[in-house]
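Right, one structure below, let's go through it.
All of the numbers you see were taken from the coordinates with simple rules; none came from a lab. This is a predicted model, so every value here is computed, not measured. Glycine gets a Cβ as well: all are built from the backbone with ideal geometry, and neighbour counts include every protein chain shown.
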Number of protein chains: 2
Amino acid sequence: MLLFHHPISAPSRFIRLMLAEYREDAELREEQPWQRRPEFLQLNPAGTLPVLIGEAGVAIVGAFAISEYLDETRGPMMRDSRLMPDSPLGRAEVRRLVDWFLVKTEADVTRALARERVYKLQMSPAQGGGAPDSTVLRTARANIRQHMRYLGWLAKSRDWLAGERLSLADLAAGAAVSVLDYLGEIDWTAEPAARDWYHRIKSRPSFRDLLADRVRRLPPASHYADLDF
Amino acid sequence: MLLFHHPISAPSRFIRLMLAEYREDAELREEQPWQRRPEFLQLNPAGTLPVLIGEAGVAIVGAFAISEYLDETRGPMMRDSRLMPDSPLGRAEVRRLVDWFLVKTEADVTRALARERVYKLQMSPAQGGGAPDSTVLRTARANIRQHMRYLGWLAKSRDWLAGERLSLADLAAGAAVSVLDYLGEIDWTAEPAARDWYHRIKSRPSFRDLLADRVRRLPPASHYADLDF
C-alpha cells in the first residue's frame, strides 16, 4: 500500500497511527497539497490528504473513508486490539470524537497553525508562502484552550477517550495533539489529565515514526520526542 | 427517535432523507445552534447539527456517526435498498462523496450561504444577526460553480453518484443541493446532467418533507418544490 501524506497533517498522522496499530506496512509519500499536482488531483479531486492506494491499486480518499476501510478489512482479525468497539452505540461515540478531533479541532486550530507556521515556509510566494498572518495565529491559539479543556475532561472521565479501550478516537486526538506539540503550541501544565493521556499514547510503538518526523527549516519543540515531557 | 435539526442545514437534511429511505419515524425538533442552549450543548458539546436521540435514549452526534449507526442497525434489513454497497471499496467511495458534499461543499459554499441568508435573519444583533456580508456571499457563490461542475461530472459518468445504485452519496449531495436550491443559488442551465440527477432524486418520496419546508421571512425560490423545474 502507498500513503500520500504530509508530516504536519493531522488526518495523515491519524492514518499512519492506525496502520501501525494494525501492523500494516505502507510506503509513505510526502505530498504538498498546495502544489496541486495534476496526478494527485486525479486521485483526489478535493486535493486533500491523506490518500491511500490500497492493495487493489484503488485510491481511498480521506481519513474518514480510509479508517473505516482499514477497520472493515483488518479490524475483525485484531480481536481485542480492534480500534472500533463492537456495539453500534460504542462505534457512534468513537466516530463523534474522530469527527471532533479531525474536523472540528482541525478547522478551529490545527489546519490554521499548520498552514501559517509550516506550509507557508514551504510554499513559494505565488502559492501564498511567506510570513504567518498574526490574526489567524491569534484566533487559532485562542481556540486551543477550549479543545485542550475538552480533551482533559474526556481523559479524566474515561480510561481512554471513547471508553474502556484504546480506539480510533485516541488516534485522532493523538494525531491532532502531536501536530500542535511539534509546533510547541500546547501548555502542558494547564491540563494534567490530558498530559497523562498523551504520555500513555505517545509511548506506544505506533507513535515512534511520528516522533521521528522533522520538517525542513522548523525543528520541533524541544520536548516533542521526549517520553517524559 | 428524536432528531434535532434545522431546515436549512444540509447535514440535518441528509439524515432526514436517510430516515425516510429506511422508513424510520423520528420526531423532528428544530434547533437554532447559535442560541447555544445549555441542554443542547450537553447532548453535543460541539453545538452542531444534527443530533439523533436513538431508540436507546442515547444521543448520536453528527451526520457521520448517525448515518453509519442507522446503516449498521437498519441497513442489513433493507436488502437491495440498502444505501451502502457491500464491498469495502464501494463503501469507501460512498464515504468519500459524503465527505465531499457534507464537509467540503459545506465549508466552501453551503454553510456560509445558510448563515448569511437564513441564520442571520433569525439571530438577534447580539448573536451576530443582521444583513449578509457581501464578501462572504461573493466567495461562496464563486465556489458553487466548481461544486456543480463536479456534481455534473459524477452524474454524467455514473447511474447514481457513487455507482450503479442509489447510496448515501446521493442523499448527501441531494441535501446540500436542496439547501442551495431553496435559496435560488443554483443555475440549472449550466449543468444538465446534474439537473437530470436532481430531478430523479427530488422525485423520490423521501424528498417530500424537505420540499414542504418553509423558513420564516424567507420563502423558497419559485421552482424549489416543483418536480418539473
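What residue among A:R149, A:R117, A:R79 has the largest mean-square fluctuation in a Gaussian network model of chain A, using Cα springs under 10 Å? Among A:R149, A:R117, A:R79, the largest GNM mean-square fluctuation belongs to A:R79.
Plainly put, the tip 7 Å out from Cα toward Cβ on A:A107 is 0.8 nm from that tip on each other copy, the closest given first.
In deg cm²/dmol, rounded to 500, what helix-only [θ] at 222 nm does chain A give when every DSSP H run of at least 4 residues adds -39500 (n - 2.57) and the total is split over its residues?
Numbers: 9 runs with 100 residues, N = 229.
Calculated from helices alone, the mean residue ellipticity at 222 nm is -13500 deg cm²/dmol.
Here is what passes the span test in chain B: the DSSP H helices with alpha carbon length of 18 Å or more along the helix axis and a Kyte-Doolittle mean of 1.0 or above are B:168-182. Placing pseudo-labels 7 Å out from each Cα toward the beta carbon at A:L89 and A:R149 gives an inter-label distance of 2.8 nm. Across region A:26-66, the residues whose backbone nitrogen lies under 14 Å from the label position 7 Å along the beta-carbon direction of A:M1 are A:26-29, A:50-66.
Each peptide in A:210-222, B:202-214 receives the mean, over its residues, of other Cβ atoms within 10 Å, and ordering these scores from highest gives B:202-214, A:210-222.
Mean per-residue shielding of peptide A:71-84 is 1, counting Cβ atoms of other chains within 10 Å of each Cβ.
Treat the protein assembly as shown as a sphere of radius equal to its Kirkwood radius over Cα pairs and apply Stokes-Einstein at 37 °C in a medium of 0.692 mPa s; give the translational diffusion coefficient in µm²/s, rounded to a whole number. Please report the intermediate quantities before stating the final value.
Numbers: Rh = 22.9 Å.
So the translational diffusion coefficient is about 143 µm²/s.
Take A:S124, move 7 Å from Cα toward the beta carbon, and the resulting point lies 5.3 nm from the same point in each other copy, nearest first.
Taking label points 7 Å from Cα along the Cα-to-Cβ direction, A:W188 and A:D226 give a separation of 0.7 nm.
Projected onto their three principal axes, the Cα atoms of region B:88-205 cover extents of 48, 32, 28 Å, largest first. Globularity index of chain A is 0.98 (Cα radius of gyration / 2.2 N^0.38 Å, N = number of residues). Packing-based ranking of A:168-178, B:66-76 yields A:168-178, B:66-76, ordered from highest to lowest mean Cβ neighbour count within 10 Å. Inter-chain Cβ neighbour count for A:100-107, averaged per residue, equals 3 (cutoff 10 Å, partner chain atoms only). Treating each Cα of region A:2-81 as one equal point scatterer and applying the Debye formula with no solvent, the log10 of I(q)/I(0) at q = 0.22 Å⁻¹ comes out as -0.99. Within a straight-line Cα-Cα reach of under 25 Å, B:K156 can be paired with the following lysines, leaving aside sequence neighbours fewer than 8 residues apart in one chain: B:K104, B:K202.
Mean partner shielding of peptide B:90-99, defined as the number of other chain Cβ atoms within 10 Å of each residue Cβ, is 6. Within the protein assembly as shown, DSSP assigns beta bridges of which about 65% are antiparallel (rounded to the nearest 5).
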